[in-house]
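J.: Below are the C-alpha cells for one structure; questions will follow.
The values are calculated or read from the model by the stated rules, or taken from the named source; none is laboratory data. Computed from a prediction, not measured in an experiment: that's the story for all the values here. Note that each Cβ is placed from the backbone with ideal geometry, even for glycine, and that neighbours are counted across all protein chains shown. Please note that ligands, DNA and RNA were not included when accessible areas were found on the heavy atoms of the full protein model with its side chains. Shrake-Rupley method; radii C 1.70, N 1.55, O 1.52, S 1.80 Å.
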Amino acid sequence: MAPPNDPSNPQLSKLVPNTLEKYLALDNEKLSVKGVTVLSDVPSNVTFKPFHSINKSSDVPLPLLQRVQAHSHKGGFLGFKSQDPSDRLINSLGRFNGRDFLSIFRFKTWWSTQWVGTSGSDLQMESQWVLLDVPEIDSYVIIIPVIEGSFRSALHPGTDGHVIICAESGSTQTKASSFDSIAYVHVSDNPYNIMKEAYSAIRVHLNTFKLLEEKQVPSLVNKFGWCTWDAFYLTVEPAGVWHGVKEFSEGGLSPRFIIIDDGWQSANRDCDNPNEDTKYLALGGEQMTCRMHRLDEGEKFRKYKAGSLLGPDAPSFDVKKPKLLINKGIEIEVATKERNKAVQAGVTDVSGFDSKINKLRKESEEIFIAEKISTPGDGGCGSCSCKAENYGMKAFTSDLRTKFKSLDDIWVWHALCGAWGGVRPGTTHLNSKVIHCNVSPGLDGTMEDLAVVKIVEGGVGLVHPTQAEDFYDSMHSYLAQAGITGVKIDVIHTLEYLCEEYGGRVELAKAYYKGLSKSLKKNFNGSGIISSMQQCNDFFFLGTDQISMGRVGDDFWFQDPNGDPMGSYWLQGVHMIHCSYNSLWMGQFITPDWDMFQSDHCCAKFHAGSRAICGGPVYVSDSLSGHDFDLLKQLVYPDGTIPKCQHYALPTRDCIFKNPLFDKKTVLKIWNFNKYGGVIGAFNCQGAGWSSKEQRILGYPEAYKPMSGSVHVTDIEWDQNTEAAHMGEADEYLVYFNQAEKLQLMTPKSDPIQILIQPSTFELFSFVPVKKLGLGIKFAPVGLINMFNSGGTVEELKYFDSGAETSVKIDVKGGGKFLAYSSVSPKKCQLNGTEADFEWSTDGKLTLNVPWIEEAGGISDMVFLF
C-alpha cells in the first residue's frame, strides 16, 4: 500500500473512450447487458450514460486510473429527471422478477446486513446496492446508488418488481429536480472483481474518498487487544483498566493495544451542573442524552495520580464491582421496559412501576457509594482544570506503559459529535447548538433502536461545521499529548439527523469528515482510528479519504436484548453474516473489523474461529476474571501478535445468493489466504435473521439444526491476491481439518468434501499446495495445529531439490505442535540449528514439537533433510 498522504500526480479523469464494445445499453424501456434484459419497464425519464462520458477532475494515482479506464466499457450511470424540485425524490429505475440478487441494506441507522431475493419488490428499505445474477451470459450486474451534488441515494422496494431509487439531501433548503449520475451500474463475470471494479470507478468519479489499497492501515491490525466496553460499560475507571491488563499479562497473553470505551469522558445531562460529570451511570443507554462539557477526560480519570498503581501499596480492585452495577442496571432497564409496555397497553396507573424503578435506582446508587469506584489519587486535581504532569490521563497512560512494556497502543472511544448527545452549549470554546433530530422516512422500515430513541429524545449538541477542524484537533491534540494513540469513533451516522440548517447531509458530512481527516493526520499518524456505527454509503463515499479501518458488523451481543433465551446462540451467527457479506463492499474502503467478543461466552469458540481467519485485528471485551486463556492461546501468540491472514475474509461464490441464516440448508463458507496456502471456514449460522414483516432480527428456531454442505479447493478465489494466484495452479493440495484434526489430499478435479456442521459450530480447512520433490517425495506444511489459523503460523517456506540434497526449510512462529504432510520419512530434522526428534507415520503425518523462544520473536527455523 502507498504511504499515507503521499502526494499523487494530479490526473484528469476524463477517460479516453474505450474502444471495446459497451456492455450496457438503455433502449426501448430496457436496461440490458450484452443483449440480456436486467431491468424492464424503465421509465422514460431515466437516463443512462457510459462511464467515460462523465468527466471529473481527480487526483487518483495513475495506475488506478488506468485500471479504471480498462474496465470503463463495463459501466455507466443512471440518472432521472423530475418535474418539480424537491429535497427528496423517488423514481423507478425499472423492474426485475425471477432473477437472484444479493443486496446490502440498513437494518438500523448505523448497521447494514445482507438480503437475498428474486424481485425488485423483495428489496428492503435503504438498500446500499444490489447485485444481480445474470447466468445467461455467466455474469453479474451491480447497481450502486451514489452521491450527486448535495444528494445521496439508496434503493427501496417498489411494487410489481420495480426498483425505486430515493435521492435526498436531508434539508428542505437544498432541492433538485434532475440527476445525471445518481446510481452506478457495472458488469463483470466475477462477483469479487465487480466490487473492485465498480468502487474503483466510483472512486475516480467522485474523488471524495480513497480505496483501501491507497491508504496505510493501523498497526494494531496484526495484534491482540482488549476493549473495556463489556467489562465495565460506563463504570470504566483507571484501577479497573489496570487490573484488566494485569490479568491478561499474568495469564500469558499481553495485549498489544487497549481501547478505553465509553465512560471516560467529561459528560453530563442538560439538567446537571454544567461543570460536573453525571454520576451513577452504569449501563449503555443511560448516557445517550449526555453531552461533553469539557474536551478532556472525566473526573474518574482526571483524578488519577501518577504512580498510584505502580507501588507495593497499590489499591486492590473488587472484580465483582462492575458486574454488580451492570446487573443492577439491567434490572432497571427491564423494569423500564415493563413500564413502557404497560403504558402502551393503556395502563394509566403506573405508580407501581415507578416505585420499583426508583427503588432499583436507589440500590444502584448505594452500590456506587458503598463500593465506591476507586480512583487512585483521590483528592488530586479533581474537577479543576489542572493539567499537571502527575495527574490525569497522561499520568495513567504513562504508568500503564511503564508496567506493561508490550502495550503499544492505548485508544479511547468518542462519538462523532463528541458524546452521544454532542457538546453541551456554553461549556467549551466551541459554538455548539442543540439540534433536534429529523429521521429520514427511508429509515421507517428499519429496526427500532434505543440509540435512535434516546438521540431523538435529547437532540445533539452540534458544533458548527465551520469549527469541525477546531473541534477534532482540540480533542485529539490533547489526547495525543496525554499518551493516546488512536480513537474508536462511534455514532457516526448521527449527522444525517442534524443537517436541515447546514445544506443537507452531504454538505454537513463533508465539513465534519474534512476536519476529522486533518486531525487524524496531525495527531494519530493518519490511521489511528476504528470507525463504527457508520455502515451507510454517505460515510464510505465521503468519510474514507483518510480512514482505513472500520467495523463491518453490528455489536457483539452476549444475549438477546429482547429476552429470547436462545439469543445468546443465534445472535452470534447473525453477527458473522453481517461481517462476511458487508466485507464485500466495505473492504474496498477499509480493513474490515469483525468487532470484539468475550472469551468466556457460550459461543466464544464460534467467534474465535471466525476471527482467526477474518484478516483483521483480534480483540476481546472480557470482564475481569472472565477469561478463557486456553481458547485465546489458539488465536494469539504469547507476544500479543496474531497469525493473521493475508486478505480479508469473504463468502464463497456458492453462498453469495443464499441465505445462511434461516433457509435451513446453507452453511456459511468464507475464504482467505495465508502466505503459503488458503483457508476456508465453514460456519453453521442458521437460526435467526431479519424479518421484513416485524422489521427486526428474530429467532427462527426451526432453522437451528445441523447443516450439511461441501467444501472444495476451488471455493478459494486464488486470483484475488497477486501473491496467492500461483497457489491456485497446483496439481494437488493437502487439506487439514482444524477441528477434526484430520488430513486429506485432494486435486482440483476431486469430488467436494462433504461436511456436517452442528448449530453454532464450525470447521476450518487449510489448503496447502503439495510440492513434488525428487525421489518421489511429496511435501506440504500445515503449521502449528494448536492454533486456529494453522497456516498463518508458517512465516517462510523454501524447498531445496538438487542431486546433492533434498530438503525443506521452514520458519514457523509460535510454540506447540507442528504438522506437515510428507510422503516419506525425513532422514533427520534440525530445529533452531540442533538435531531434533520428530514423528512420522505411514499416512504421511509428520509432527514436531516447537518451543516459543522469546529472544527470537517466537520464530523457530526447522530443516527436514531427505
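J.: To the nearest µm²/s, what D does Stokes-Einstein give for the range 691-765 at 25 °C and 0.890 mPa s, using the Kirkwood radius over alpha carbon pairs as Rh? Each step should come with its number before you reach the end.
T.: Values: Rh = 15.1 Å.
Estimated diffusion coefficient is 162 µm²/s.
J.: Label the range 617-711 by shape, choosing from rounded, prolate and oblate, from the square roots a ≥ b ≥ c of the eigenvalues of the Cα gyration tensor; if a/c is under 1.5 it is rounded, and otherwise prolate applies when a/b is larger than b/c, oblate when it is not. Before the final figure, lay out each step's value.
T.: On the way: a/c = 2.40, a/b = 1.40, b/c = 1.71.
Oblate.
J.: Here's something else I'd like to know. What's the FRET efficiency of K749 with D600 using the Cβ-Cβ distance as r and R₀ = 56 Å, to the nearest 0.05? Don't skip to the answer; put the middle values down first.
T.: Details: r = 45 Å, r/R0 = 0.80.
The value I calculate is 0.80.
J.: In the range 683-723, whose amide N lies under 18 Å from the spot 7 Å out along Cα-to-Cβ of W557? List them in ranges.
T.: Counting only backbone N, you get 685-704.
J.: Among rounded, prolate and oblate, which fits the range 181-259 when a ≥ b ≥ c are the square roots of the eigenvalues of its C-alpha gyration tensor, a/c under 1.5 means rounded, and a/b larger than b/c means prolate?
T.: Details: a/c = 3.63, a/b = 2.83, b/c = 1.28.
In terms of gyration-tensor shape, prolate.
J.: Exceeding 20 Å between C-alpha atoms, which entries from my cross-link table qualify? They are K303/K362; K328/K356; K328/K359; K210/K518; K215/K514; K809/K845. Spell out each step's value before the answer.
T.: Values: K303/K362 26 Å; K328/K356 12 Å; K328/K359 11 Å; K210/K518 15 Å; K215/K514 16 Å; K809/K845 17 Å.
K303/K362, as the Cα separations exceed 20 Å there.
J.: For the range 16-169, what Kirkwood radius comes out of the mean inverse Cα-Cα distance, in Å?
T.: Numbers: mean 1/r = 0.0608 Å⁻¹.
Answer for the range 16-169: a Kirkwood hydrodynamic radius of 16.5 Å.
J.: Related question: Please compare each pair in K300/K320; K246/K454; K605/K693; K675/K749; K223/K521; K196/K664 to a cut-off of 29 Å on the Cα-Cα distance and tell me which ones are over it.
T.: Numbers: K300/K320 19 Å; K246/K454 36 Å; K605/K693 32 Å; K675/K749 24 Å; K223/K521 22 Å; K196/K664 31 Å.
Where the Cα-Cα span goes over 29 Å, the pairs concerned are K246/K454; K605/K693; K196/K664.
J.: Expressed in nm to one decimal, what extension gain is obtained for the pair T159 and N525 from 0.36 nm per residue of sequence separation less their Cα-Cα distance? Present the calculation step by step, with values, prior to reporting the outcome.
T.: On the way: separation 366, 0.36 × 366 = 131.76 nm, distance 4.94 nm.
Separation in residues times 0.36 nm, less the Cα-Cα distance, equals 126.8 nm.
J.: By per-residue mean of other Cβ atoms within 10 Å, what is the highest-first order of 398-404, 853-859, 571-577?
T.: Details: 398-404: 16.7, 853-859: 12.6, 571-577: 24.6.
Averaged packing, sorted descending, gives the order 571-577, 398-404, 853-859.
J.: I'd like the projected area of the range 794-846, averaged over all directions, using the convex hull of its alpha carbons. Report it in nm² with one decimal. Don't skip to the end; give the middle numbers.
T.: Details: hull surface 16.6 nm².
Orientation-averaged projected area of the Cα hull: 4.2 nm².
J.: For the range 724-781 and the range 591-605, write down the distance between their C-alpha centroids in whole Å.
T.: For the range 724-781 versus the range 591-605, the Cα centre distance is 27 Å.
J.: Also: Apply the Kirkwood formula to the range 112-271: the hydrodynamic radius equals the inverse of the mean of 1/r over all pairs of different alpha-carbon atoms; give it in Å with one decimal.
T.: Values: mean 1/r = 0.0492 Å⁻¹.
Kirkwood hydrodynamic radius for the range 112-271: 20.3 Å.
J.: Turning to a different aspect of this structure: Using helices alone, I'd like the mean residue ellipticity at 222 nm for the chain: each DSSP H run of four-plus residues gives -39500 (n - 2.57), total over residue count, nearest 500.
T.: About -6500 deg cm²/dmol.
J.: Could you grab the Rg to Rh ratio for the chain? Cα atoms only, Kirkwood for Rh. Provide the component values of the computation, followed by the final result.
T.: On the way: Rg = 27.8 Å, Rh = 28.6 Å.
For the chain, the value is 0.97.
J.: Related question: Accessible area per residue, 1.4 Å probe, Å², for the chain: what's the number?
T.: On the way: 31440 Å² over 866 residues.
About 36 Å² of surface per residue is accessible.
J.: With a sphere of radius 12 Å drawn around the Cβ of M596, what net charge do the other residues whose Cβ falls strictly inside it have (Lys, Arg +1; Asp, Glu -1)? Let's see the in-between values first.
T.: Numbers: positive: K488, R551, R611; negative: D230, D261, D555, D593, D595, D622.
Residues close to M596 contribute a combined charge of -3.
J.: Sorted by average packing, counted as other Cβ atoms within 10 angstrom per residue and highest first, what order do 636-647, 702-713, 559-570, 585-596 take?
T.: Numbers: 636-647: 21.3, 702-713: 18.0, 559-570: 16.2, 585-596: 25.2.
Highest mean packing first, the order is 585-596, 636-647, 702-713, 559-570.
J.: Can you give me the % of accessible surface on the chain that is carbon or sulfur? Probe 1.4 Å, all protein chains present, nothing else counted. Present the calculation step by step, with values, prior to reporting the outcome.
T.: On the way: 15210 of 31440 Å².
Here it works out to 48 percent.
J.: Multiplying the sequence separation of K246 and D444 by 0.36 nm and subtracting their Cα-Cα distance, what value in nm do you get?
T.: 66.7 nm
J.: Moving on to the next point. Once the piece of chain linking N97 and Y799 is laid out straight, how much longer is it, given 0.36 nm per residue of separation minus the C-alpha distance between them? Write down the numbers at each step before the final one.
T.: On the way: separation 702, 0.36 × 702 = 252.72 nm, distance 5.43 nm.
Answer, rounded to one decimal: 247.3 nm.
J.: Still on this structure: Under 11 Å from the Cβ of R361, count the other residues' Cβ atoms, weight Lys and Arg +1, Asp and Glu -1, and hand me the total.
T.: Details: positive: K328, K356, K359, K362; negative: E286, E331, D354, E363, E365, E366.
Local charge sum for R361: -2.
J.: Around T847, what is the net charge, scoring Lys/Arg as +1 and Asp/Glu as -1 over all other residues with Cβ under 12 Å from its Cβ? Could you put the intermediate results ahead of the total?
T.: Details: positive: K817, K845; negative: E741, D837, E839, D843.
After counting each charged neighbour, the total is -2.
J.: How many angstrom separate the Cα center of the range 525-589 from the Cα center of the range 125-186?
T.: If you average the Cα positions of each part, the centres end up 22 Å apart.
J.: Using a basic spin-label model with each label point 7 Å from the Cα along Cα→Cβ, how many nm lie between C271 and L865?
T.: That separation, rounded to one decimal, is 8.1 nm.
J.: Let me ask something additional. Once you order the gyration tensor axes a ≥ b ≥ c over the Cα atoms, which shape class does the range 582-624 get: rounded for a/c under 1.5, otherwise prolate or oblate by comparing a/b with b/c? Provide the component values of the computation, followed by the final result.
T.: Working: a/c = 3.04, a/b = 2.15, b/c = 1.41.
Prolate, because a/c is 1.5 or more and a/b exceeds b/c.
J.: Taking Cα centroids, how far is the range 73-94 from the range 311-356 in Å?
T.: Taking the Cα centre of the range 311-356 as reference, the centre of the range 73-94 is 49 Å away.
J.: Considering every pair of different Cα atoms, what Kirkwood radius, in Å, is found for the range 291-346?
T.: The answer is 15.4 Å.
J.: Please report, in cubic angstrom per residue, the volume enclosed by the convex hull of the alpha-carbon atoms of the range 524-580.
T.: Working: hull volume 5.3 nm³, N = 57.
Each residue corresponds to 94 Å³ of Cα convex hull volume.
J.: With N denoting the number of residues in the range 551-699, provide Rg(C-alpha) divided by 2.2 N^0.38 Å, to two decimal places.
T.: Values: Rg = 15.1 Å, N = 149, 2.2 N^0.38 = 14.7 Å.
Working it through for the range 551-699, the quotient is 1.03.
J.: If you don't mind, there's one more thing I want to ask. When the label point is put 7 Å from the Cα of K778 along its Cα-to-beta-carbon vector, which residues of the range 721-748 have a backbone N closer than 14 Å?
T.: Residues 730-736, 743-748 fall inside that zone.
J.: Further, regarding this structure: Take each of the peptides 819-825, 286-292, average the number of other beta-carbon atoms within 10 Å over its residues, and list them starting from the highest. Could you put the intermediate results ahead of the total?
T.: On the way: 819-825: 19.7, 286-292: 24.4.
The packing order, highest mean first, is 286-292, 819-825.
J.: Which value, in debye to the nearest 20, gives the size of the charge dipole of the chain about its Cα centre, when Lys and Arg are +1 and Asp and Glu are -1 at the Cβ? Show your work: numbers first, answer last.
T.: Details: 84 positive and 103 negative charges, 134 e Å.
For this selection, approximately 640 debye.
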